[in-house]
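Data first, discussion second: the structure below is written as structure tokens.
The values are calculated or read from the model by the stated rules, or taken from the named source; none is laboratory data. Because the structure is a prediction, the values reported are computed rather than measured. Using ideal geometry, Cβ is built from the backbone for each residue, glycine included, and neighbour counts are taken over all protein chains shown.
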Amino acid sequence: MNITSTLDMQTEQPLPDVDVLEEDESCPRNCEPENSHVHSTSTHREKLLEAPSKPGTELRKKQTVAKARGSYRRYTPQQIKRLFGLVIEGRSAKEAALVTGISVRTAQKYVNTYRDDEQKRLPGIERKPRKGCPEKLNETHTQFLTQLVNQNPTAMDDILQQLDSILVPIFREVYRLDALLQDKEDLFSIKRHMHIKRKRQLDSKNGVFEHQAFDETLSLYAVFARFYFAPQTAQNKLASRTTRGTVELPQYTRPLKHVITEIAKTVAMAINGWARMEQHRSLLSRFLLKIVDIDRRYDDAYRLSTATMKGIVDTGLPARYLVSACKDVFEQLSTRVDALPESFIEALFALFSHANCFRQIMLMAKELTIVNPEIARQALCAIRNEQTRVQCSRHMYTSKSQHIGFGTNAGCVFRRPRNDWVSAKSHYSKSARRILLLLEQCGKQIVTSAYVAKLLEIDMAALDKSLVLPRTLSAFLRDFAYFGVHPDVTAMTIIINSYIEHGDSAFALWIFEQMESGKVDIGHGNGTSETIAISRPNDITVSTIAKAWCTNSNLTQIASLFDTMTRQKKPISQRLVTSVVSNMVDLGKFNEAEETWSKYGCAYIPYRSSTYEMPRINRRALAKLVIGYARVGNVDRAIRLLEMACDSERLATEDPAAGTSYLTGLLNIVLHECLSSKQDANGDVSLTDNTSISSDPLVRRDLHVIRMGLRCGGVRFNVTTYNMILARLSQASRALSHNTYSPFAMTDTDAERKKIIDAMQRLYERMLNDRILPNFSSLFHLIPMWVYIGNTTLALAHWNMYIKDKSPNKIKELKRHVVNQAKRWDIADGVIFDLLDPPS
């Protein structure tokens, strides 16, 4: 018999009242708490009234300090049952609570709850049934959806494609109901909430899911802009012809300011959503052009365009989605750049820099007549980035022509750098110098050493690497003297790096020694010299000079530098360690590089508390070591270092997803080298759990890498990892067909191929579980396998989904790749052509 039945049977012994059960601690047990409390209170109050009061004082009230509430505690069913058992035996709630370890207040609450409950359920154990309507979705629906997705993996894609028709009616209904509730306003609150009602009108249709509604929103804004800005447009345009930037723009009211802010947020959110859907990326250019056109016609300040472009940059959208839209805006921008407001130019340059459209920024900077510091900074950075991109291109120089043009719309011709470094001023240098001269017009004190150092970097990068630089600093610092600024440590670091790249490491070391002394002698052409004070070298300067030591194989100088910094207790920058290790790896000195990394690249830091410490490694230097060992064929050492990176990354953070891209990139590099290596490896691991496949010496090392990645929680496979594994299994199927692998030549071909098919199927399922969509490199290997086993439905579904919105020439090219991969499975070409291109 349980405690519940016992309580129900003893109805003749009702539970005493809680007030009677709970005794006052300030009273003796033989006193009645209630009467004693009343008597003591009244007596104390009478004594206070009869006592003579001191002059200047009043009757003070007794102040009590509230006790701090303790932490929430849970009680077991055994404690609760024992509590009620003691209460039934005749003890008070307080005594039973002290015996069972339950709080007194909680025990009293339990007793009251039990007394008021008609069904006499024990509180804390038996819960009341949930009220309300039954749930519409239950376990049956969950099982149905799970079975549907398992049978048709593309079901989720079909649902996502129907979002337009599903979500738009829902949003419209929600906003309609909200509008009906908001319309219940009295006459006096309508004017006060006018800007809220206008915002609700703009949001009445969700632009993210319905393009036509978003177009209507922009049309509504055009009406607002025409109403507020059109009367002042002619006056502003007339005034802007004389002095741009000094025109007093019209002040817009607060409601329109809210309208601009909300539309800009909506545009940024919509563009972020459209850009990630391939079939809607063309909408980016159309709506950006429409927003700019509305501001061009009605608003001289380009407020909406400026806010929209800033919002797009803040969303962090990848650059590859914005390139096409930025180029369209650049081509359709009919207004001259010098006639645009500075705030809009800043936002436009920031958007183009985010999209890596540096050439467009250079061309627009040529039309500028007035610049501010922010525009000058973005223009100089764009010039340097475009210069770097062109120099890294394989079409930079050709032996067939001296003149090379970059694009039909460039409007300029690039030449080879001349042998004279003074006259070797490329068009990049001329554009950068023009920007600085425009900035100087705003005030000579605005031009700082950072701007001149960027100009010096552009000039140095334009020189031919075979040119011998003169051993004098006067010509390099000529621009600093012209603008009246002092050369900083960045400028001196650029000069040192230039001398190292041109093969004069000795003079670079001399400049470094002069920087350590704090002054340098500058020789002039007339035989005189001048001593100026310069900044001491920073971490970047030391990293640059370490590159010269590594180039000259002067490793003792690097060790001496590290020992000196350790002896003087100076912090050793991890950037310096990374630079030294990278240069040593490039020179093939792996032992010295690993020794430097292990000695100076592993710092000990407190881990979550000061009780103990744990190593935190230099990840960039370790990545360079792993890649270097893998590229030279020492895969075993690369695997051991990769294991060390995985272990340290797992211990250094509580987040298992931290460092995922870093470790995944290293895993892919090592796995690629393992698949390309011809060396034997130790270990007994298997992807397919089959002895015949794992006995292949070419497979065993890469299987060890795969098992290691699965074991470490910080390593996540991406689509590249799966593609390499699928390619390796596909090659194994080809080996079965041609009997090129000796382990497969003596075994049953059908049985081994079945094991390979099972492994590829498990990889495909794991990709879906990890929410990784197969790209076409994956389908190259999966489609022939599906055709081989007869699952043509799945193969055709993936094929049709991928070739959507592809050009006919691209489809033919992809089809040829699938046909070539199908030969590994002994599938005739006609089977693939009939499947992927059925007769109409």
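Applying the selection to segment 566-586, what residues are of a type outside the set (Val, Ile, Thr) and modelled with pLDDT under 80?
Result: Gln568, Lys569, Lys570, Pro571, Ser573, Gln574, Arg575.
Answer yes or no: is there a residue in segment 743-764 that is modelled with pLDDT of 80 or more, of a type in the set (S, T, N, Q) and within 25 Å of Lys823 (Cα to Cα).
yes
Would you kindly identify the helices (runs of 4 or more DSSP H) lying entirely within segment 331-393 that contain at least 1 residues that are within 18 Å of Leu437 (Cβ to Cβ) and of a type in the set (Asp, Glu)?
Values: elements: 342-354, 358-365, 373-392.
Because the criterion is at least 1 residues that are within 18 Å of Leu437 (Cβ to Cβ) and of a type in the set (Asp, Glu), the helices (runs of 4 or more DSSP H) in segment 331-393 that meet it are 342-354, 373-392.
Take Tyr451 and tell me if it is loosely packed, with under 15 Cβ neighbours inside 10 Å and hydroxyl-bearing (Ser, Thr, Tyr).
Judged against the criteria, Tyr451 is not a match.
Going through segment 714-726 one residue at a time, which ones are hydrophobic (A, V, I, L, M, F, W, C) and touching a Ser or Thr at 6+ places or on another chain (Cβ under 8 Å)?
Selection gives Val715, Phe717, Val719, Leu726.
Looking at Ala481, Ala453 in this structure, which one is within 34 Å of the chain's Cα centre (by Cα), among the hydrophobic types (A, V, I, L, M, F, W, C) and outside any loop (DSSP other than H, G, I, E, B)?
Ala453
Out of all the residues in segment 769-788, which are farther than 16 Å from Asn820 by Cβ and surrounded by 15 or more Cβ atoms within 10 Å (Cβ to Cβ)?
Across segment 769-788, the qualifying residues are Ile772, Pro774, Trp786.
Which residues, counting only those in segment 319-342, are crowded, with 18+ Cβ neighbours inside 10 Å and more than 23 Å from Arg286 (Cβ to Cβ)?
Result: Pro341, single match.
Being of a type in the set (Val, Ile, Thr) and surrounded by fewer than 23 Cβ atoms within 10 Å (Cβ to Cβ) is the filter here; which residues of segment 376-388 pass it?
The answer is Thr388, and nothing else.
What number of residues within segment 332-373 satisfy the criterion of being farther than 18 Å from His427 by Cβ and charged (D, E, K, R)?
Of the residues in that region, 4 qualify.
Against the condition touching a helix residue (DSSP H, G or I) at 6+ places or on another chain (Cβ under 7 Å), exposed (fewer than 11 other Cβ atoms within 10 Å of the Cβ) and not polar (S, T, N, Q), how does Asp805 come out, does it pass? Give the steps one after another, and end with the answer.
Details: touching a helix residue (DSSP H, G or I) at 6+ places or on another chain (Cβ under 7 Å): yes; exposed (fewer than 11 other Cβ atoms within 10 Å of the Cβ): yes; not polar (S, T, N, Q): yes.
Taking the combined requirement at face value, the residue satisfies it.
Search segment 550-572 for residues that are without any contact (Cβ under 8 Å) to a residue 12 or more places away in the chain and pair each with any residue that is of a type in the set (Phe, Trp, Tyr) and part of a helix (DSSP H, G or I) when their beta-carbon atoms are under 7 Å apart and the residues are at least 6 apart or on different chains.
Within 7 Å, the pairs are Gln557/Trp549.
Can we say Ala645 is buried (at least 16 other Cβ atoms within 10 Å of the Cβ) and either modelled with pLDDT under 70 or within 13 Å of Leu663 (Cβ to Cβ) (or both)?
The answer is yes for Ala645.
Let's see how each residue does on (1) among the hydroxyl-bearing types (Ser, Thr, Tyr); (2) surrounded by 18 or more Cβ atoms within 10 Å (Cβ to Cβ); (3) farther than 14 Å from Leu348 by Cβ:
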{"position": "Lys290", "(1), (2), (3)": "no, no, yes"}
{"position": "Ser305", "(1), (2), (3)": "yes, yes, no"}
{"position": "Met309", "(1), (2), (3)": "no, yes, no"}
{"position": "Leu317", "(1), (2), (3)": "no, yes, yes"}
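State which residue pairs qualify: first residue at negative phi and inside segment 492-518, second residue crowded, with 19+ Cβ neighbours inside 10 Å and small (Gly, Ala, Ser) in any location, beta carbons under 6 Å apart, and separation of 6 or more residues or different chains.
Ile496/Ala508; Tyr499/Ala508; Ile500/Ala508; Ile500/Ala548; Ser505/Ala548; Ala508/Ala548
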